[in-house]
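The values are calculated or read from the model by the stated rules, or taken from the named source; none is laboratory data. No experiment lies behind these values; they were computed from the predicted model shown. Because the Cβ atoms are built from the backbone with ideal geometry, glycine has one as well, and the counts that use them run over all protein chains shown.
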Amino acid sequence: MSKKTFSCMVSVTLLSGSERNVYLVLDQKPTRINQKLKTLDQYIQKYPSGWKKRLELANLLYATGDWQRAIEEYHQVIERQPQLVEVYLNLGKMLQLMGQEADAVAVYEKALSQVRHEATQQHLGGLIAVCRHDLEAAIVAFESATALEPDNMTHWLALGRLQMQKEDISGALGTFDHILSVHPNDIVALIDSYDALMILGMSGKRRCGCCGCWN
């Protein structure tokens with residue numbers, strides 16, 4: 001069964017002071033946000049050394065677009081629990097999207113020091129290469145990650161998006177098709193696949209199951 005996700009658009013303030021709309025896909029839909037923020041803030045003030053509620057707060061701030069505060073809270077979580085790779089990934093993603101690529105690289109490199117899993121190492125290496133604008137090295141890293149861990153769609157999605165960035169639209173479409181062959185209702189892959197189809201001018205077409213052509 002595919003995991004149910006929720007999508008939302010948040011407005012994020014960049015380091016320059018300008019705002020940018022960012023599309024997020026979340027594992028769960030934030031509800032009763034203001035009450036939850038108030039409750040979590042009160043808990044953290046009472047128990048500042050704890051990390052689980054702080055992580056919950058950081059995730060909520062991330063989901064609602066308050067990324068400056070989310071970054072602060074994620075950093076504090078990492079200080080207490082440096083082995084939480086997902087925290088590094090969220091933190092690095094925010095910094096990267098906000099144009100703070102050098103800071104994102106530092107976060108990903110710190111994550112690398114905590115990881116022993118080879119596919120995850122390759123994925124992190126790909127993210128670092130993207131931040132450094134070395135797209136060829138990033139492609140190689142993400143392809144290695146997919147080869148090492150073919151069932152992890154996160155690697156495939158990163159590869160497909162990078163192929164889009166390199167304007168390899170046909171390659172990206174094949175990557176997104178692979179994701180959808182495993183998880184037909186993956187909303188992120190569906191959106192990215194549609195974008196690729198629009199670029200190729202095939203938004204109303206379907207792939208033939210016999211020969212793979214579009215009709």
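Within the range 110-119, the set of residues being more than 21 Å from GLU143 (Cβ to Cβ) and outside any loop (DSSP other than H, G, I, E, B) comprises just one member, LYS110.
Contact annotation: residue pairs with Cβ atoms under 6 Å, 6 or more positions apart or on different chains, pairing a residue in the range 77-105 that is without any contact (Cβ under 8 Å) to a residue 60 or more places away in the chain with a partner that is crowded, with 19+ Cβ neighbours inside 10 Å and assigned to a loop (DSSP other than H, G, I, E, B), are VAL77/TRP51; ARG80/TRP51; GLN81/TRP51. Screening PRO184, PRO150 for residues that are in contact (Cβ under 8 Å) with a residue 60 or more places away in the chain and loosely packed, with under 15 Cβ neighbours inside 10 Å leaves exactly one candidate, PRO184.
Assess whether LYS38 counts as being modelled with pLDDT under 95, exposed (fewer than 15 other Cβ atoms within 10 Å of the Cβ), in contact with a strand residue (DSSP E or B) (Cβ under 8 Å, 6 or more places away or on another chain) and more than 29 Å from GLU109 (Cα to Cα). So LYS38 does not fit the description; no. Within the range 109-144, the set of residues being polar (S, T, N, Q), under 16 Å from the mean Cα position of the chain (by Cα) and crowded, with 18+ Cβ neighbours inside 10 Å comprises THR120, GLN122. Part of a helix (DSSP H, G or I), buried (at least 20 other Cβ atoms within 10 Å of the Cβ) and outside the structural domain of GLN76 (by TED's automatic domain parsing), is that true of LEU190? Taking the combined requirement at face value, the residue does not satisfy it.
Taking every residue in the range 128-144 that is assigned to a helix (DSSP H, G or I) and pairing it with any residue that is of a type in the set (Asp, Glu), at least 6 positions away or on another chain, the pairs with Cβ-Cβ distances below 8 Å are ILE128/GLU109; CYS131/GLU101.
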